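**Q** Take a look at this one; I'll ask things after.
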Amino acid sequence: MTSEEAAYIAGLFDGEGSINIKRGIEKKKKHKNKLGYRLSNSMRISMEITMTDKSVLIWVHEVLGVGTLKPKTVRGTRKDGTPYLKQYKWRCVFRDAYLVSCALFPYAHVKLDKIQKVIDYYASRDLKVFNNKVVSLDEYKESMNLE
């Protein structure tokens with residue numbers, strides 16, 4: 001991805017995107033205790049862009065190389081009785097959200113605080129699980145002269 005592509009996607013994400021970060025208790029199924037599940041304090045992280053222009057989201061999906069692109073269910077009609085335009089949603093979760101956050105970090109403005117939270121959460125983890133595809137945030141900042 002070029003820096004121009006990353007900057008464009010960051011701007012698009014600032015305007016049309018959202019980041020959801022939620023920590024909570026979840027049931028993990030298929031465990032061998034008498035309940036059949038265990039409780040886990042889990043973190044849910046997702047990034048998404050929803051819009052009516054499918055071609056832009058196809059391009060975002062191809063450039064980033066992660067996430068899913070699906071039509072979004074829109075119910076009802078406007079007050080004047082006309083139907084809403086069909087919407088599409090690009091979405092990525094967990095480690096893919098971390099990779100996208102690292103790419104958008106230098107260019108984001110509006111969503112920068114949430115992007116920083118995603119980066120901070122995963123930067124504190126063991127990066128071996130990323131198959132050597134990720135550099136540390138400090139190394140990235142040094143290489144880009146952001147400090």
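**Q** In debye to the nearest 20, how big a dipole does region 1-120 give about its Cα centre with +1 on each Lys and Arg Cβ and -1 on each Asp and Glu Cβ?
**A** On the way: 23 positive and 12 negative charges, 278 e Å.
The dipole of region 1-120 has a size of about 1340 debye.
**Q** Here's another thing I want to ask about it. Which entries in Lys30/Lys111; Lys29/Lys79; Lys29/Lys114; Lys30/Lys70; Lys27/Lys111; Lys27/Lys72 show an alpha-carbon gap greater than 32 Å? Can you show the working numbers first?
**A** Details: Lys30/Lys111 37 Å; Lys29/Lys79 44 Å; Lys29/Lys114 30 Å; Lys30/Lys70 29 Å; Lys27/Lys111 30 Å; Lys27/Lys72 27 Å.
Check vs 32 Å cut-off fails for Lys30/Lys111; Lys29/Lys79.
**Q** Which order do the peptides 16-26, 94-104 take when ranked by the mean count of other beta-carbon atoms within 10 Å per residue, highest first?
**A** On the way: 16-26: 13.6, 94-104: 21.3.
Highest mean packing first, the order is 94-104, 16-26.
No value in this document is a laboratory result; all are computed from the given coordinates. Keep in mind it's a predicted model, so treat the numbers as computed, not measured. Methodologically, a virtual Cβ is constructed for each residue, glycine included, from the backbone with ideal geometry; neighbour enumeration extends over all protein chains shown.
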